[in-house]
Amino acid sequence: MQLLDHIRAAQDNNDYNEIIRHIPYMDWLGIHLEKDPKDGLLAVLPFTERIIGNPLLPAIHGGVTGAFLESAAQMTIFAELGTEKLPKIVNITIDYLRSGRPQDTYAQGVVTRQGRRVANVRVDAWQDDRNHPIASAHTHFLIG
Amino acid sequence: MNLSLDAAEQMVTQAIPHARELGIEFVSLDGKRMTIKVEQQPHFIGNPDTKVVHGGLITTLLDSVSGIAVYVKTERFEPLATLDLRIDYLKPSAPDLPIYAEAECYKATSNVAFVRGQAHQGDRNDPIAHSVGSFMLSTKGHSMRQEAERELNNAAP
C-alpha cells in the first residue's frame, strides 16, 4: 500500500494515527495523537531515555523537540485541511523557551494561512501547562 | 580549556544519549567548522513512498552540530541553551547516502553565540538544508558548570 491509501483511510476514519504509523521516523519517536479534551487533536511525544540530549539536567534533545513540532504541524495540516498529499516542509523556525524535562510533551498546531501551494502552521509544545510552552515554531509546508 | 579533537569526538559520539541513539559519527573539525554524519537507517524515513528522511532528523543533526560548533568557538565547556533555530529545507534527501551536517559559530559574545550550518550528502556545494541558530551561553550556575567539565574531562581519553 502506498502512503496515499493510508492517508485516505485516515481521513475516512478520522484517525490520523493511521498516517503516523506509516511514517517510520514519527512512529520510531513514539509520536501519536490524542483527542484534546478542549478542542481538536493533541500530539504526544512520550518521554524515553533515548531522546535525552543533556544527561546532566536531564533534558530532551532540542532536535527531537524540533522534530516533534514539525511532526505536529504536519499532522495539523492533515486534520485541518483534509489534504491527501504528505505536506513537504519548506522551513521551520523554532524558539526554545524552556528546557524539556524528562516527561511526556504535548503539542498543538494551528494553520494560520492556507494558500494554494503553501500552508503556514504555528505550533506550540508544552509539558505540564500549555500556558508555559517549552518551544514554539512557525513552519511553511508545500501542500500543492 | 581547549577543545581537543578527541573531546569534540567524544562529545559527538558518547556524551549525548540521543546522538548515540542515531549513530552520529564525528567526521572532521576543519578550523572552526565541525562536521558530523549519520548513515541512513529505515526509521529515519519521513516519506515511505520516496524514502526521503524526515525533516526532524535533519533538525536534530543541525542542532547537535551547531551546539558543538559553539564549544569549538568559545573553547569553554559551559552548558548552553538553543535560543532559536531556523532551517530551510532546500531539497529532499537521496535514499541510502549518508547525511552530513556541518556548522560554524561565526560570532560569540559573552552571552550569545551565532551559528550557521548546512546538511549535505557528500557535496558541500549541493546542500539539502541550511540553518541559522543562536545559543545562550553559560545557562546554569557554577556547580553545574563544574559538573559538566568533570563529565567531559572524564569522557575525554
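The values are calculated or read from the model by the stated rules, or taken from the named source; none is laboratory data. Treat the numbers as computed from the prediction; the structure is a model and nothing was measured. Positions of Cβ are generated from backbone atoms using ideal geometry, with glycine treated the same way; all protein chains shown enter the neighbour counts.
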Next item on the list: Could you check, for region A:8-22, whether at least one of its residues is at the interface with another protein chain (Cβ under 8 Å from one of its Cβ atoms) and either touching a strand residue (DSSP E or B) at 6+ places or on another chain (Cβ under 6 Å) or not β-branched (Val, Ile, Thr) (or both)?
Entry: yes
Notebook entry, point to check: Which one is nearest to the other protein chains (Cβ to nearest Cβ), of the residues in region B:21-54 that are of a type in the set (Lys, Arg) and assigned to a loop (DSSP other than H, G, I, E, B)?
Noted result: B:LYS51
Item checked: Residue tally, condition of a type in the set (A, V, I, L, M) and either without any contact (Cβ under 8 Å) to a residue 40 or more places away in the chain or part of a loop (DSSP other than H, G, I, E, B) (or both), over region A:11-62 -> 5
Note to self: Quick check on A:VAL123: is it among the hydrophobic types (A, V, I, L, M, F, W, C), surrounded by fewer than 16 Cβ atoms within 10 Å (Cβ to Cβ), within 27 Å of B:LYS51 (Cα to Cα) and modelled with pLDDT of 95 or more?
What the structure shows: no
Checklist line | Residue satisfying condition, being at the interface with chain A (Cβ under 9 Å from one of its Cβ atoms), crowded, with 18+ Cβ neighbours inside 10 Å, touching a residue at least 24 places away in the same chain (Cβ under 8 Å) and aromatic (Phe, Trp, Tyr), within set B:TYR89, B:TYR100 | finding: B:TYR89
Next item on the list: Scan region B:1-12 residue by residue and report those that are away from chain A (no Cβ under 14 Å) and either crowded, with 22+ Cβ neighbours inside 10 Å or free of Cβ contacts under 8 Å to residues at least 60 places away in the same chain (or both).
Entry: B:LEU5, B:GLU9
Margin query: Checking the condition under 22 Å from B:ILE128 (Cα atoms) and touching a residue at least 60 places away in the same chain (Cβ under 8 Å), which residue from A:PHE78, A:PHE141, A:PHE68 passes?
Written below: A:PHE141
Checklist line | A:ARG113 vs. criteria surrounded by fewer than 17 Cβ atoms within 10 Å (Cβ to Cβ), away from chain B (no Cβ under 14 Å) and farther than 23 Å from B:HIS43 by Cβ | finding: yes
Next item on the list: Please determine, by comparing only the residues of region A:40-59 that are buried (at least 24 other Cβ atoms within 10 Å of the Cβ) and at pLDDT 95 or above, which one is farthest from the other protein chains (Cβ to nearest Cβ).
Entry: A:ALA43
Note to self: Only one of A:ASP15, A:ASP5 is closer than 22 Å to A:TYR106 by Cβ and over 14 Å from the mean Cα position of the chain (by Cα). Can you tell me which?
What the structure shows: A:ASP15
Notebook entry, point to check: Name the pairs whose Cβ atoms lie under 8 Å apart, with the first residue in region A:82-109 and facing chain B (nearest Cβ under 8 Å) and free of Cβ contacts under 8 Å to residues at least 40 places away in the same chain, the second crowded, with 16+ Cβ neighbours inside 10 Å and charged (D, E, K, R), and 6 or more positions between them or separate chains?
Noted result: A:TYR96/B:ASP84
